[in-house]
Amino acid sequence: KKFKPGSVFFRLDRNKPGMLLPRKGNATTPIEVQRKQLPIYQAKPQLLNQLRQLPNVILIGETGSGKTTQIPQYLYEAGIGRQGMVAITQPRRVAAISLAGRVAEEKRTQLGKLVGYTVRFEDVTSSETKLKFMTDGMLLREAIGDPLLLRYTVVVLDEAHERTVHTDVLFGVVKAAQRKRRELHKIPLKVIVMSATMDVDLFSEYFNKSPVLYLEGRQHPIQIYYTKHPQSDYLQAALVSVFQIHQEAPPSHDILVFMTGQEEIEALARTCRDIAKHLPDGCSPMVVIPLYASLPPAQQLRVFQLAPKGCRKVILSTNIAETSLTISGIKYVIDTGMVKAKRFNPDSGLEVLAVQRISKAQAWQRSGRAGREDSGSCYRLYTEAEFDSLIPMTVPEIQRCNLASVMLQLMALGIPDVMNFDFMSKPSPEAVHSAVEHLELLGAVERKEGQVFLTALGKKMASFPLEPRYAKTILLSPDYSCSEEILCIVSLLSVDTVLFNPPARREEVLAARKKFSSSEGDHMTLLSIYRAFKKVSGNKEWCRENFVNSRNMGLVKDVQAQLKEICLKMNLKMESCGADTEDVRRCLAHGMFVNAAELQPDGSYLALDTHQPVAIHPSSVLFQAKPAYVVFNELLHTSRCYMRDLCLVDADWLLDAAPEYFGRKLHLTRS
Ligand code: ADP
Ligand code: MG
């Protein structure tokens, strides 16, 4: 490892009494003792010394050393930045919620008082809140109303190595706010950038050559295993590995498996539970715990609970357990080498969620999870040659996503010249161009004399914490007298899935869904499920029978209320179209026309704007029906490129929505 000259290096003494790492069973250790056992505790006085003096700090420390949970508390206890709040940003909402909960517990206060959190559509803070955990996206939204971030005296940009598009934009926003506050003689803003590992030179350079503080990790040796041959089915390989370890290792050694998403995690969890039931005598029992972003918080906390004695804990997780959450007791890591992430083609303007290979940096982070408390093993379900071919670092999201949403926000922040924004890594000119084109199509921006301006519509669109096309659809809805329905649909699409789809009970699910299934598509189906849910006032029994996630449905109501508030502020007319939902579809066609697809004579589909072949996802109610034209919400790339959440539309509506665009580009003609 190379360290920058002038950087501060806290060497932690492994043999110091009281510094023994918490072993299994630490859940019974009093929480104050747990805090003192964290590696960061040793460095507290020197750390505070530095944090007090420096306006910018970069803090690097092994995952689990206590950065996220302790630094905010240290600042508070030392009275640093007491005049305002401390914001701690997280790329993921689960992490923000769970860490705020943990810190509130450590401070023995109720969540929402001294310690709170703000994520999209959920604000658990009060006037007492001093330590505020939030998603990076939320802080960015706040910056639109308050570009100097005057409420905050310290901003902690956590998990900086993840380089989400929001964090990247925040780097620039925070840096500018800091400079302007200095010029205006306002209360200074302290910026702390924290991460496990990252390219410190790039960060230090960007933040005015700020010093780097290293917390030396206490990594135990980890044995790395590769497969002999490339695996064609990483899920199968993971399953085999889990049971091989299970049969050979003592039950107190827990297993963490890195996978890509909810569906495959739930499927593997079920298979593991089934197999575990039928193991030979003498084999210890197993608890299988899924961990992914859309899991209800109560279930997320299960990963932190100890397994009963003599029972093995197997955690199946997305990359959320890579660096944001630390789980104790892990001795074995199984790394599928895969992650689900956004991928963007600026030529086609198409953004897809795709399962793809991780970077080397991610692979090292994953294996590191095995050696936190003792020596461990990591099973990489790929060959060493495959490992060598991985890219060194994950490409920042800003260089691989559709920038339309971010550009709209930047322009609302009063930063018109996006190409000259102080990005740590600039997006490609093609991607910026394609985003401007997208926003232009939606009517959010217009070009005048080579400059791009936000239109009145664009300003309104930026007020919604939504993708531009959803915001546009809402703004259009009064013209179709269906704002109530559109708000409801957008809310349904904004929370994590409201439906359960356990594959093992596929027949039952299909039968239950049939009652609500609409030939007009998934949006209408969701709408009728929501209406039925409201009719029975969210009855738990009804939810179970109909495979409806009652918690997420409850959230839909909150989201809807919040969106409605924004609409009312703009004096939008709130109306319902009742049973006649054709206007809802018309409205969706007008708002979502960039995501339209056309049936081809051979039964396949083409995305209309990019001419890319796409298919209807099997979960869609339109899977069999195959209508001539649809608009869809998103593309998911697995074995093929699937459209998810579809709505049946008329070609005429698309033409009306963007006559020139469709006429010129696609030669779509009226029926
Ligand atoms: P870092 O940010 O350096 O990765 P954290 O501050 O997130 O470290 O974690 C410090 C410790 O707090 C870890 O040992 C972790 O297991 C523990 N911890 C965090 N959240 C919870 C929770 N909800 N329940 C129990 N332990 C937790
Ligand atoms: Mg952390």
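The values are calculated or read from the model by the stated rules, or taken from the named source; none is laboratory data. What you see is a predicted model, and the numbers here were worked out from it, not measured in a lab. Counting neighbours? That spans all protein chains shown, and the Cβs are built from the backbone with ideal geometry, glycine included.
Tell me whether segment 632-639 contains one or more residues that are under 17 Å from Leu487 (Cβ atoms) and either among the acidic types (Asp, Glu) or not in a loop (DSSP other than H, G, I, E, B) (or both).
Yes, segment 632-639 has at least one match.
Among (1) on the phi > 0 side of the Ramachandran plot; (2) over 29 Å from the mean Cα position of the chain (by Cα), where does Gly66 come up short?
(2)
With the checklist (1) within 14 Å of ligand 2 (Cβ to nearest atom); (2) aliphatic (A, V, I, L, M); (3) at pLDDT 90 or above in hand, flag the one item Leu38 doesn't pass.
For Leu38, the failing item is (3).
All but one of (1) at pLDDT below 90; (2) touching a His at 6+ places or on another chain (Cβ under 9 Å) hold for His611; which doesn't?
(2)
Which one of these is at pLDDT 90 or above, of a type in the set (A, V, I, L, M), touching a helix residue (DSSP H, G or I) at 6+ places or on another chain (Cβ under 8 Å) and more than 22 Å from Gly84 (Cβ to Cβ): Ile224, Ile187, Ile192?
Being at pLDDT 90 or above, of a type in the set (A, V, I, L, M), touching a helix residue (DSSP H, G or I) at 6+ places or on another chain (Cβ under 8 Å) and more than 22 Å from Gly84 (Cβ to Cβ) holds for just one of Ile224, Ile187, Ile192, which is Ile224.
Whether any residue in segment 14-24 is near ligand 1 (Cβ under 9 Å from one of its atoms) and either more than 17 Å from Thr153 (Cβ to Cβ) or at pLDDT below 95 (or both) is what I want to check.
yes
Could you list, in sequence order, all residues of segment 295-328 that are part of a loop (DSSP other than H, G, I, E, B), more than 12 Å from ligand 1 (Cβ to nearest atom) and closer than 24 Å to Gln244 by Cα?
Ala307, Pro308, Lys309, Gly310, Cys311, Thr318, Asn319
Return the residue satisfying two criteria in turn: it lies in segment 82-100 and is within 13 Å of ligand 2 (Cβ to nearest atom) and small (Gly, Ala, Ser), and of such residues it is nearest to Ala363 (Cα to Cα).
Ala95
Please go through segment 211-221 and pick out each residue that is surrounded by 19 or more Cβ atoms within 10 Å (Cβ to Cβ) and away from ligand 1 (no atom under 15 Å from the Cβ).
Passing the criteria: only Val212.
What are the pairs with Cβ atoms under 8 angstrom where one residue, in segment 50-68, is without any contact (Cβ under 8 Å) to a residue 40 or more places away in the chain and away from ligand 1 (no atom under 16 Å from the Cβ) and the other, located anywhere, is among the hydrophobic types (A, V, I, L, M, F, W, C) and assigned to a loop (DSSP other than H, G, I, E, B)? Sequence gap at least six, or different chains.
Arg52/Ala78; Arg52/Ile80
Which ones in segment 139-182 are hydroxyl-bearing (Ser, Thr, Tyr) and in contact with a Phe, Trp or Tyr (Cβ under 7 Å, 6 or more places away or on another chain)?
Within segment 139-182, none qualify.
Considering every residue within segment 73-81, establish whether at least one is more than 16 Å from ligand 2 (Cβ to nearest atom), surrounded by fewer than 19 Cβ atoms within 10 Å (Cβ to Cβ) and not hydrophobic (A, V, I, L, M, F, W, C).
Yes, segment 73-81 contains a residue that is more than 16 Å from ligand 2 (Cβ to nearest atom), surrounded by fewer than 19 Cβ atoms within 10 Å (Cβ to Cβ) and not hydrophobic (A, V, I, L, M, F, W, C).
Considering only helices (runs of 4 or more DSSP H) fully contained in segment 524-619, which possess at least 3 residues that are surrounded by fewer than 19 Cβ atoms within 10 Å (Cβ to Cβ)?
540-545, 550-569
Hey, which of the strands (runs of 3 or more DSSP E) in segment 91-200, taking only ones fully inside, have at least 1 residues that are under 19 Å from Gly64 (Cα atoms) and hydrophobic (A, V, I, L, M, F, W, C)?
Fully inside segment 91-200 and qualifying: 131-135, 152-157, 190-195.
Report whether or not Leu268 is outside any loop (DSSP other than H, G, I, E, B), touching an Asp or Glu at 6+ places or on another chain (Cβ under 8 Å) and not β-branched (Val, Ile, Thr).
For Leu268, the condition - outside any loop (DSSP other than H, G, I, E, B), touching an Asp or Glu at 6+ places or on another chain (Cβ under 8 Å) and not β-branched (Val, Ile, Thr) - is not met.
Which numbered condition in (1) crowded, with 21+ Cβ neighbours inside 10 Å; (2) under 29 Å from Val498 (Cα atoms); (3) within 14 Å of ligand 1 (Cβ to nearest atom); (4) not β-branched (Val, Ile, Thr) is the only one that Tyr292 fails?
Unmet for Tyr292, out of (1) crowded, with 21+ Cβ neighbours inside 10 Å; (2) under 29 Å from Val498 (Cα atoms); (3) within 14 Å of ligand 1 (Cβ to nearest atom); (4) not β-branched (Val, Ile, Thr): (3).
May I ask you to verify whether Met259 is surrounded by 18 or more Cβ atoms within 10 Å (Cβ to Cβ), within 16 Å of ligand 1 (Cβ to nearest atom) and not basic (Lys, Arg)?
Criteria not met by Met259.
Would you pick out the residues in segment 425-470 that are of a type in the set (Asp, Glu) and within 23 Å of Met138 (Cα to Cα)?
Selection gives Glu467 alone.
Can you tell me how many residues within segment 67-86 are in a strand (DSSP E or B) and touching a helix residue (DSSP H, G or I) at 6+ places or on another chain (Cβ under 6 Å)?
1
Let's see how each residue does on (1) free of Cβ contacts under 8 Å to residues at least 60 places away in the same chain; (2) more than 16 Å from Ala176 (Cα to Cα); (3) in contact with a Gly (Cβ under 8 Å, 6 or more places away or on another chain); (4) basic (Lys, Arg):
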site: Arg93; (1), (2), (3), (4): no, yes, no, yes
site: Ala96; (1), (2), (3), (4): yes, yes, no, no
site: Lys107; (1), (2), (3), (4): yes, yes, no, yes
site: Lys113; (1), (2), (3), (4): yes, yes, no, yes
site: Phe121; (1), (2), (3), (4): no, yes, no, no
site: Ser126; (1), (2), (3), (4): yes, yes, yes, no
site: Leu148; (1), (2), (3), (4): yes, no, no, no
site: Arg151; (1), (2), (3), (4): no, no, yes, yes
site: Val155; (1), (2), (3), (4): no, no, no, no
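Out of contact with any Cys (no Cβ under 6 Å at 6 or more places or on another chain), among the small types (Gly, Ala, Ser) and touching a residue at least 24 places away in the same chain (Cβ under 8 Å): is that true of Ser389 in this structure?
no
If you check Cys647 against the conditions, is it in contact (Cβ under 8 Å) with a residue 60 or more places away in the chain, surrounded by 16 or more Cβ atoms within 10 Å (Cβ to Cβ) and farther than 22 Å from Glu437 by Cα?
So Cys647 passes the test.
So which of Tyr214, Tyr225 ends up being in contact (Cβ under 8 Å) with a residue 24 or more places away in the chain, among the aromatic types (Phe, Trp, Tyr), out of contact with any Lys or Arg (no Cβ under 6 Å at 6 or more places or on another chain) and farther than 30 Å from Leu157 by Cβ?
Criteria check complete, one pass: Tyr225.
Can you spot a residue in segment 189-197 that is surrounded by fewer than 18 Cβ atoms within 10 Å (Cβ to Cβ) and in contact (Cβ under 8 Å) with a residue 40 or more places away in the chain?
The answer is no, given that none of the residues of segment 189-197 is surrounded by fewer than 18 Cβ atoms within 10 Å (Cβ to Cβ) and in contact (Cβ under 8 Å) with a residue 40 or more places away in the chain.
Does segment 397-404 contain at least one residue that is more than 25 Å from the chain's Cα centre (by Cα) and either free of Cβ contacts under 8 Å to residues at least 60 places away in the same chain or surrounded by fewer than 16 Cβ atoms within 10 Å (Cβ to Cβ) (or both)?
No, every residue in segment 397-404 fails to be more than 25 Å from the chain's Cα centre (by Cα) and either free of Cβ contacts under 8 Å to residues at least 60 places away in the same chain or surrounded by fewer than 16 Cβ atoms within 10 Å (Cβ to Cβ) (or both).
Could you give me the residue pairs with C-beta distances under 8 Å whose first residue belongs to segment 494-514 and is farther than 30 Å from Gln562 by Cβ, whose second residue is aliphatic (A, V, I, L, M) wherever it lies, and which are 6+ apart or on separate chains?
Sorted first by the residue in segment 494-514, then by its partner, the pairs are Pro502/Val509; Pro503/Ala267.
Looking at (1) within 16 Å of ligand 2 (Cβ to nearest atom); (2) outside any loop (DSSP other than H, G, I, E, B), which one does Gly64 not meet, given that it meets all the others?
All conditions are met except number (2).
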